[in-house]
Each structure stands twice: as C-alpha cells, then as structure tokens.
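Read through the structure below, which is laid out as structure tokens, and then see the notes.
The values are calculated or read from the model by the stated rules, or taken from the named source; none is laboratory data. Every value quoted in this text rests on a predicted model; they were computed, and no experiment measured them. For neighbour counting, all protein chains shown are included, and Cβ atoms are generated from backbone atoms with ideal geometry for every residue, glycine included.
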Amino acid sequence: MTELTTEHLIKQFGNRVVLDDINLTLKPNTIYGLLGRNGAGKSTLLSILANQISASSGTIKWNKTPLTGRDHSLQAIYLMSEQNLFNKENRLKKIMKDTALLQGAFNQTLADKMLADFELNPKQKINQLSTGYRTIFKTIVALCVPADYVFLDEPILGLDANHRVLLYRYILEAYENRPRTFVLSTHIIEEIANLIEHVLILDQSRIIIDDDLETVLDHSYQISGPKEDVLAYCQELPILASEQIGTLYTNYLYTNYLYTELPADRVIPDRVAIKHVDLQTIFIKLTEKGREQHV
Amino acid sequence: MFKAMLRYRLTAIWKTLLIALAIGAVVTTASELILSAKGFTLGILIGSLITMGLVVTQLCLITLSFTMTRPYFEFGILNGISRKTNYVTHLVSLLGSQLVTFMLFYPATAAIFQSHIEDNTNLFDPYLMFIMIIGTWIVIASGIEISSFITLFERKIWWIVITLWVVLDILFEHYVHPVINSILPTWTKLTGLNFNSASIMTAAKVVVMSPYFWLTVFTSFIFPLLVAWVCQYFMQTKKIALKWRRSA
C-alpha cells in the first residue's frame, strides 16, 4: 500500500509561520492521533495533505511521487473537517448520493446503520442539524467513502459522552472491516488513547513527537518524592516539568535519544517513586508554556 | 472523475430548470386563462409557454452562474476533485445547458414572432442567433467571474477591488482612450460601427464582422472567464480564503 510523506513542509499566513519544516510519513493501515494545542497547526496540516489548501513550500509525496502544484486530485485522501463543505440546503440523503457519485463508491449499508444508531433522519437538511449531529453526519460520510487515508479533524466536536463512545466503536469497526489509515485530531486525548497506534504531536508549528504510542508511553516518566531526592536522581535527565504539592515533589521526564531509558546504574532512593504517565499528562507537559525553563 | 463532476453539476442545473419551467408553465397558463378568457386559444397558450420557456431558462442559467460557484466547488474539493476539473465542468455545464435550452425554445419562439412581424426581419439569421448566444454567454461569464472573485476574496475586499476597477475603467474612458485615439486615428474606425440604417440582419452581420465585436467578445466573455479561472485556481475553503486584514 501507499505511503503519504511530507518533506520540509512550511505554511505561512502572512508573516506567521503555522507549520515549520514538517517531515513525516503516514503509513498504510495505521490509526494516528494528531495532537496539539489550539492553533498548533493541526487543521492546516490536514488541509494541506488533503489539497484543500496549499503549502508555502515543501513537498508532499504519494507513493514516493511528488504531488506538485495546487491542482493534483487525490481521492485516496478524505478530510472531514470542522468546516461544512456540503451544500447547506441539501438533505443528508442527497449529500450521500452526491458523495457516492463523486467518490465512485460509498458504503451505504454502514451509513444506514450509523444513521439509525445515531437517530439521524436522512431526510433532514444539513443546516437543520445541531453542531453535534452535523459532526456525526460528517464522520459517517468519512467512514463510508472508499478513501485509503481518512483524516478526522475534531470528529467529536459537540458530541455527548454516549455518542462519543458509539462513534469510537464505529471507527474501530470501520477499521477492522476495511483496514485503512485514520488520522484523528482531537483535544480529548484520554478517550482516543485506546484507539490510536501512533502519536504525532504538533507544538509551536513543529512536529515534536512522531512515535508509536507504546514508545511514547515507555519514554514518559513521573518521578515523585522529597525534592532533594528527586532532584538528585534526575540530575542531567531530560526534565519536562516539575511541580510541588505539599512535600511531594514531582519531575516529569521524556527520555530522548540521549537517554532512551532511565539510567540503570543510578540507584533509586527509597522514598522516590517512578512510574510511567498517561498520554494526556505527557502531552500537557510536553506542550505547556514555560517548559523551556526545565528542559 | 470529470464525468461524475459534470453529471453532478448538470443534475443540479436541470433540476432547477425543470422546477422553474413547471412553475412558469402554471403561472403562464393561469395568466392566459384569466387575462384572455374570451380570446383564449390553445395556439396562443403554446406560444406563450414556449416564449416563457426561453425567457425562464435563460434567466435561470444567468442566476445559476452567480450562485453555483462556491457550494459545488467546495463539495468537489472535499471529494478530491481537482480545481481544473471543477472549473471546466462549471463552464461546460452552464454554457452547454444554455445552448441546449436556447436551441430548444428559440426556433419555436422565433417562428411565432416571425409570423407576426411584417418587415423582412429574419430571426433565424445565423448572425443574429450567434449574437444572442454570445450575449447570454457574456452575462453568464460575468456571473462566474463575479461569484469566483467574491468566493476567493470573501466579503472583505471584493467591493474595494470592484470599486477600483470601475474607477480605472472611467479613467481609461476619459483619459487613456482619447490619447489612444489621437495617436492611432484608425482605432476609431476599428471600434466604430456604421449601420447606415440597415436592417437587423445586416446590422447583425456588420456587428459580427467588425473587429469591435471580437474585441467585445474577448473583453466581455474570454477575459472574465480567465479571471474566474485564476480565482478558482487559487480558491480555497472559506475560512482560509484571502482576507482583507484590518491592520492593512
């Protein structure tokens, strides 16, 4: 299957650099989590990959062939974004029919099942739907098109907890029935942590993490205990952030190429506890402002 | 991909045209029945319906040229349709539909009018028909150009550019054109038309054969389409469209 790669991708809006030297490879049949704070450039990156907007410079390669210019068409990629690109006056049924026409195929069986489960009436017009239902419908269409790469930008925007759980189930089901690459971009990290295989973290216009979820979690540590013990143990280690609650001092670490794991020869003080942290915590520590003081 | 996009656009156009024709037929029939109750004949009704068909379809297509740029472009882009395919299908669907509807309704309308015109005007004159088709195309091209332009620049800047455009046009007419005329006197001959009280057909022929006509076709039909193509080439989704910055 085909890989989608970017080389030295840069996007500027006026003088503001939104994406800076993005080099990444999206592999077939993988579920990615694209994480980043507000304004990090997630939506811009996905829009560029889907050719909805163009990059200021850099190359996008599809199966190692550069996609040049603004006018390449690539139906193998489908981007479901926050924006509504459907004709607002159209009924859901009509939108699905038109999508099938332009895409050449459409999984109507899955669409009907999802519409029924989410209690969406196909005769409704898209502009009559609430934000949550509009998101659900856009995601339904994205799961039913024959694209090999499906980008879901904020697929749970405005969804209640029940609908979110149901949607995650359908994403997994769609993946199991026809493996393809999904890129999920969302702020509700703890919920997608069980879904994704690979993590991409965008921060300050750059990709700072591009690794398997397992590796990311393996590299993430929380070291807690009395301040002097923790500081002594963490000497020269890549500390992301520190916090003190009462007498408990905690350092957050993300081991890197210098320290791929904690030094085995270093004795762990009795009162110091070391454990791995979850994806959301390490994301916050990696991207919070002022972390440079600690790194 | 091209065929699918063309079918998508044509379906929308012809659905609108058929609805407009149905409404127009009801209104025309009702008007005929009420207004000419005594002199009502089937022939007059059919004549009215055909004339209405010509007027309604041409007006509908002109309106669609203004309204169908953005939603169809965005839906195409969402489904991986290239900008070039989007644009070409836009032109083919609108201009093609205009040709078909014109050819469907014009001959019958012309025949009806021909039987009522006493002078020697030939409404089937190819020059005259050509001018009428090009005339509608020019309006459609302007519609495509304006809607593409507004979609690209959003609401914030397009009126500034259009104002600038009008000002430049006025300046050209008042200051540049007289200078060109004084430097190149033959320019006036090329752009002037002399009908010498000719009939409509002769006048149509004079128009079509004159350089002025082709200059007009270029500036009023080809040029707007070129502008629309450039706009659609750079067109993006609505939030990311070029905007007039407040600080600018």
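Inspect the range B:2-12 for any residue being within 14 Å of another protein chain (Cβ to nearest Cβ), charged (D, E, K, R) and buried (at least 19 other Cβ atoms within 10 Å of the Cβ) and give the result as yes or no. The answer is yes; a qualifying residue exists.
Taking the criterion of being surrounded by 21 or more Cβ atoms within 10 Å (Cβ to Cβ), within 14 Å of another protein chain (Cβ to nearest Cβ) and in a helix (DSSP H, G or I), the residues of the range B:66-92 that qualify are B:Tyr72, B:Phe73, B:Glu74, B:Phe75, B:Gly76, B:Ile77, B:Leu78, B:Arg83, B:Asn86, B:Tyr87, B:Thr89. Would you check if A:Asn107 is out of contact with any Asp or Glu (no Cβ under 6 Å at 6 or more places or on another chain), exposed (fewer than 15 other Cβ atoms within 10 Å of the Cβ) and more than 11 Å from every other protein chain (Cβ to nearest Cβ)? So A:Asn107 does not fit the description; no. Could we say that A:Ile136 is of a type in the set (Val, Ile, Thr), outside any helix (DSSP H, G or I) and closer than 18 Å to A:Tyr78 by Cα here? Taking the combined requirement at face value, the residue does not satisfy it.
So which residues in the range A:48-95 are basic (Lys, Arg) and in a loop (DSSP other than H, G, I, E, B)?
A:Lys64, A:Arg70, A:Lys88, listed by residue number.
Apart from one condition, A:Ser56 fits all of (1) modelled with pLDDT under 90; (2) surrounded by 20 or more Cβ atoms within 10 Å (Cβ to Cβ); (3) of a type in the set (Ser, Thr, Tyr); the exception is (2). Of the numbered criteria (1) under 19 Å from B:Arg7 (Cβ atoms); (2) at the interface with chain B (Cβ under 9 Å from one of its Cβ atoms); (3) surrounded by fewer than 14 Cβ atoms within 10 Å (Cβ to Cβ), the one A:Lys88 fails is (1). No other residue among A:Ala100, A:Ala116 is more than 26 Å from the chain's Cα centre (by Cα), modelled with pLDDT of 90 or more and either under 29 Å from B:Val230 (Cα atoms) or within 14 Å of chain B (Cβ to nearest Cβ) (or both) apart from A:Ala100.
Of the helices (runs of 4 or more DSSP H) lying entirely inside the range A:139-222, the ones with 1 or more residues being among the polar types (S, T, N, Q) are found at A:161-177, A:213-219.
Condition check for A:Pro28 on (1) within 13 Å of chain B (Cβ to nearest Cβ); (2) in a loop (DSSP other than H, G, I, E, B); (3) within 19 Å of A:Glu3 (Cβ to Cβ): one failure, at (1).
Checking every residue in the range A:224-233 against the condition of being among the hydroxyl-bearing types (Ser, Thr, Tyr) and modelled with pLDDT of 90 or more gives at least one match. Residues that are over 20 Å from B:Ile44 (Cα atoms), surrounded by fewer than 21 Cβ atoms within 10 Å (Cβ to Cβ) and not acidic (Asp, Glu) within the range B:93-127 comprise B:Leu95, B:Gly96, B:Leu99, B:Val100, B:Phe102, B:Met103, B:Asn120, B:Thr121, B:Asn122, B:Phe124, B:Pro126, B:Tyr127, listed in sequence order. Restricting the first member to the range A:200-222 and to residues that are on the phi < 0 side of the Ramachandran plot and without any contact (Cβ under 8 Å) to a residue 40 or more places away in the chain, and the second to residues that are surrounded by 20 or more Cβ atoms within 10 Å (Cβ to Cβ) and part of a strand (DSSP E or B), the beta-carbon pairs closer than 8 Å and six or more apart or on different chains are A:Asp211/A:His198; A:Asp211/A:Val199; A:Asp212/A:His198; A:Asp212/A:Val199. Scanning the range A:237-295 for residues that are of a type in the set (A, V, I, L, M, F, W, C), surrounded by fewer than 13 Cβ atoms within 10 Å (Cβ to Cβ) and either within 29 Å of A:Glu191 (Cα to Cα) or modelled with pLDDT of 85 or more (or both) gives A:Ile245, A:Val295.
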